[in-house]
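Report on the structure given below.
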Amino acid sequence: MIFHGNELTYGLVVSFWLFGAGIGSFWGRRIDEGKLYLPFLILSLYFPFSIYLLRFLPGILGYRPGEIFSISLLLIETAFLLFPIYLNFGLIFAVGQKKFSQLSKSDLKGITRPYIVDSIGDLLGGIFFSYIFVSFLSPARKPLLLSVLFIIPVVILKGKKFIPLALIFLGVLFLPGIKNSIKKTYEKLYTGFTVEKIIETKYGRYTEIKKDGQFSFFSNGTLSYTYPDKITSEYIHIPLLLSPYQEEEILYLGLADPGLAKELSKYKNFTIVHADDRVQKMLEQHIDSESLKKISYIASDPRLFLKKTEKKFDAIFLGTGDPLSISSNRFYTEEFSKLLKERINKGGIVSFSISSGENYLNKTTLDYNSLIFWTYKFNFTNFLVIPGYTARYIFSNSPIAYEEERIKREIKKLNLQYLDEYIIQSQLPAFRIKEFEEQLNTNFIGLNSDKRPKAFLLALLHYMEKYNQTIRFLRPLFNAPIFLIFLLLPVPIIFRKTGFRISLIGGISIGISYLCIVSLQIIYGNVYHLVGLITGLFMFGVGTGTYLTEKIELQKNLKVPFLTLGLLLIIQFLIINKENPIFWAFLLIPFISFVCGAVVGWTYTNAGIILEKKGVKYSAAPSVYAFDLIGGSVGALLFSFLFLPVFGIIPTIICFIGICLLAYLFA
């Protein structure tokens, strides 16, 4: 699907989460503390229902296997199915804080301690669910485990009458057949198919289905390949046959289907690099033992592998698909193109496929293909583009040409079943290739880079237009001039009330945390498994900052948070502009997230005291919490949907350094 776990999904879900919790916190100010058990009870019943319904929803709405999901479906999921969960989180905090304040003998601790406890829970939840439960619990058991955890406070607060319900949840959690319930759910979605495997790892969810002897493999809901497809698999030889050099060292970056892996194993040395070693085990089940002996599998992020290795290759294939996330955008940037150039031998080739069109390309598709074409052309002198709905790009610093006699000899050596010189000729119609390349050559719109991931946005627009899901405002945004983001600079001068400043701190803080995740993606690759750690460290920082306010003298204004956030943004600016910050960035970026959380924690207490002095008493802490979360909600949405994909990382960082400086000066 379009929003299959990419940064837009993350931003939208986080935005609704924070907004829902903020609304719940506002609402919770008016609810009696004796009702604290109620949101826990609602969550224990509603949470597993909503998660299972999320899995059924595509099938209910008539989506077919592998069909692109729209943003409207994601909005339905986040706004209607998940929003009640977020709302109850806010209710728990607000009502719990009121109850704790009445029990506390210290006004200050009545504000700080609930936030500290909340942040510790967030840290533990992030660690356990990102690193432990994802590996040892099936997808069906995880929602049920949370139901059990939600019912425990209900039993503590309301006594024995809820113990039977807790025992029922516990019994369902350990039912022998519960593991297969998700599989049955997926069989409803993949009607007519047999669901062979569902595997969740720290890198994502993989699903394998079968029909009429063919297997289809889905990664995070997106179709990766169908196997066996002998004809399509043999097409992978075409780029190699068009090179006059003899290829011996072949490298494949990404998820390789079994048929393709078998074909490339016919060369002397064939290496596959993919981050998830569980994929290797699934691949091995479909490949004969003879072919397996010739395949080297390296469990590593492909880009990180190329940075570390000194080895050079005769051919490098990218199997990373269209750049529908900032993580996959990294494979279509000028930085990565330069790295590939350094890792191929003289006469070596680089080849990949992206979505395109047969002949005429509309504006979005042309811009998308042109951007990636020019980004690679910048580092390679020779190229060939084979047109099609999936265009095959071949780049080299040596000639690429069709030499019939040589190709005949090589085909004979490879013992191919379908591919011959005539099929290759049919794939290379001169007039179509010339026309296609002319369109690309005359449409220079700049280069794609890590710091301004334009291919990510264009790939998204291409898919949305292809499936009639275009959001009209997105297309003009692509050409928006960078100076527009700097129109935000006067905001802290115009809006100076305490509530707005709390929201602004929350928005910038969540933006910095989001930048931490994106920065790690650029440097290390897929950091799905680190999102929990980054978020957990942020929340641990919140608790630490809140605790420190009990020990140090509070300020009369909110100057310090803006100064600190500005310094953190400067550090991020230096990291993102460093050539190869491999090791120390891995330590520093999580620390930035932690300090950012500490700023939020300090602001929470300090702003609560400021509001109390203005006449707000027991509702001060929930009000600050609500302002902070609503600001964070807006920040998550704008950073993920607008600032980073449209204006780029560097202009965004510079703009918000300026905003922090002005907010400090005019506090």
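The values are calculated or read from the model by the stated rules, or taken from the named source; none is laboratory data. Because the structure is a prediction, the values reported are computed rather than measured. Note: ideal-geometry Cβ built from the backbone for every residue, glycine included; neighbour counts use all protein chains shown. To get the accessible areas, we keep the full protein, side chains included, count just its heavy atoms, and leave off ligands, DNA and RNA. Shrake-Rupley method; radii C 1.70, N 1.55, O 1.52, S 1.80 Å.
Against the conditions (1) touching a residue at least 24 places away in the same chain (Cβ under 8 Å); (2) open to solvent by 50 Å² or more (accessible area, probe 1.4 Å), PRO164 satisfies every one except (1). When LEU563, LEU637, LEU588 are checked against the criterion of being out of contact with any strand residue (DSSP E or B) (no Cβ under 9 Å at 6 or more places or on another chain) and modelled with pLDDT of 90 or more, LEU563 stands alone in meeting it.
Any residue at all in region 114-127 that is open to solvent by 40 Å² or more (accessible area, probe 1.4 Å) and at pLDDT below 75? Yes, region 114-127 has at least one match. Determine whether ILE236 is touching a strand residue (DSSP E or B) at 6+ places or on another chain (Cβ under 8 Å), touching a residue at least 40 places away in the same chain (Cβ under 8 Å) and open to solvent by less than 30 Å² (accessible area, probe 1.4 Å). So ILE236 passes the test.
One residue is enough: does region 531-538 have a residue meeting the conditions at pLDDT below 90 and touching a strand residue (DSSP E or B) at 6+ places or on another chain (Cβ under 7 Å)? No - not one qualifying residue is present in region 531-538.
Taken over region 370-392, the criterion of being under 19 Å from LYS454 (Cβ atoms), buried (at least 22 other Cβ atoms within 10 Å of the Cβ) and either over 31 Å from the mean Cα position of the chain (by Cα) or modelled with pLDDT under 95 (or both) is satisfied by ALA391 alone.
Annotation: TYR625 fulfils all but one of (1) over 22 Å from the mean Cα position of the chain (by Cα); (2) modelled with pLDDT of 75 or more; (3) crowded, with 24+ Cβ neighbours inside 10 Å; the unmet one is (2). Determine, yes or no, whether ASP229 is surrounded by fewer than 20 Cβ atoms within 10 Å (Cβ to Cβ) and at pLDDT 85 or above. When the stated conditions are applied, ASP229 passes them. At least 2 residues being under 27 Å from the mean Cα position of the chain (by Cα) is the threshold, and among the helices (runs of 4 or more DSSP H) wholly inside region 166-261 those reaching it are 181-189.
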